[in-house]
1. Restricting the first residue to region 10-38 and requiring it to be farther than 15 Å from residue 95 by Cα, which pairs with a second residue that is open to solvent by 60 Å² or more (accessible area, probe 1.4 Å) and assigned to a strand (DSSP E or B) meet a Cβ separation below 7 Å and a spacing of at least six or different chains?
2. How many of the residues making up region 55-75 are closer than 15 Å to residue 34 by Cα, open to solvent by less than 40 Å² (accessible area, probe 1.4 Å) and not aromatic (Phe, Trp, Tyr)?
3. Which of the residues spanning region 13-67 are of a type in the set (Lys, Arg) and under 19 Å from residue 117 (Cβ atoms)?
4. State all residues of region 76-123 that are of a type in the set (Val, Ile, Thr) and within 13 Å of residue 32 (Cβ to Cβ); if no residue qualifies, say none.
5. I want to confirm something. Restricting to region 18-31 and keeping residues that are of a type in the set (A, V, I, L, M) and open to solvent by 30 Å² or more (accessible area, probe 1.4 Å), which single residue is farthest from residue 78 (Cα to Cα)?
6. Give me the residue from region 32-54 that is open to solvent by less than 30 Å² (accessible area, probe 1.4 Å) and among the aromatic types (Phe, Trp, Tyr) and, out of that set, farthest from the chain's Cα centre (by Cα).
7. What residue, among those in region 92-123 that are open to solvent by less than 30 Å² (accessible area, probe 1.4 Å) and in contact with a Pro (Cβ under 8 Å, 6 or more places away or on another chain), is farthest from residue 48 (Cα to Cα)?
8. State the number of residues belonging to region 5-26 that are outside any strand (DSSP E or B) and among the hydroxyl-bearing types (Ser, Thr, Tyr).
Amino acid sequence: VQLQASGGGLVQAGGSLRLSCAASGGASSNYAMGWFRQAPGKEREFVARISWSGGSARYVDSVKGRFAISRDNAKNTVYLQMNSLKPEDTAVYYCAASRGFSGTPYPRDYDYWGQGTQVTVSS
């Protein structure tokens, strides 16, 4: 499975972005999907995950109420809608696929990774 993340960019604080992650080489519906982010000098951090069916989603506390993960299995695409963005959300965002049913918050549990898309939030 190959993953292609897109949708990053530069936005002012309080703004919104929608990230997309398109899967190819296999049906994304067979995988739980996750979004992670990594800021300069920091470890990769879990952001959100969604089960293969889309019926279950989880978020890191810092983005609850602001971010929403969703998926369209017919399009083999997962989305991360990011609202009320803050400067501390600035990072490279990565999508990942896990053979597990619902995914986990741990990068080691994901089997495939996209190349990352930069999100920069200015104050």
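The values are calculated or read from the model by the stated rules, or taken from the named source; none is laboratory data. The structure displayed is predicted, hence computed values, not measured ones. Virtual Cβ from ideal backbone geometry, glycine too; neighbours counted across all protein chains shown. For the accessible areas, the whole protein counts, side chains as well, though only heavy atoms, and no ligand, DNA or RNA atoms are used. Shrake-Rupley method; radii C 1.70, N 1.55, O 1.52, S 1.80 Å.
1. 25/2
2. 6
3. Within region 13-67, 18, 37, 42, 44, 49, 66 meet the criteria.
4. Those that are of a type in the set (Val, Ile, Thr) and within 13 Å of residue 32 (Cβ to Cβ): 78, 104.
5. If we take residues in region 18-31 being of a type in the set (A, V, I, L, M) and open to solvent by 30 Å² or more (accessible area, probe 1.4 Å), then 27 is farthest from residue 78 (Cα to Cα).
6. 46
7. My answer is 121.
8. Here the count works out to 1.
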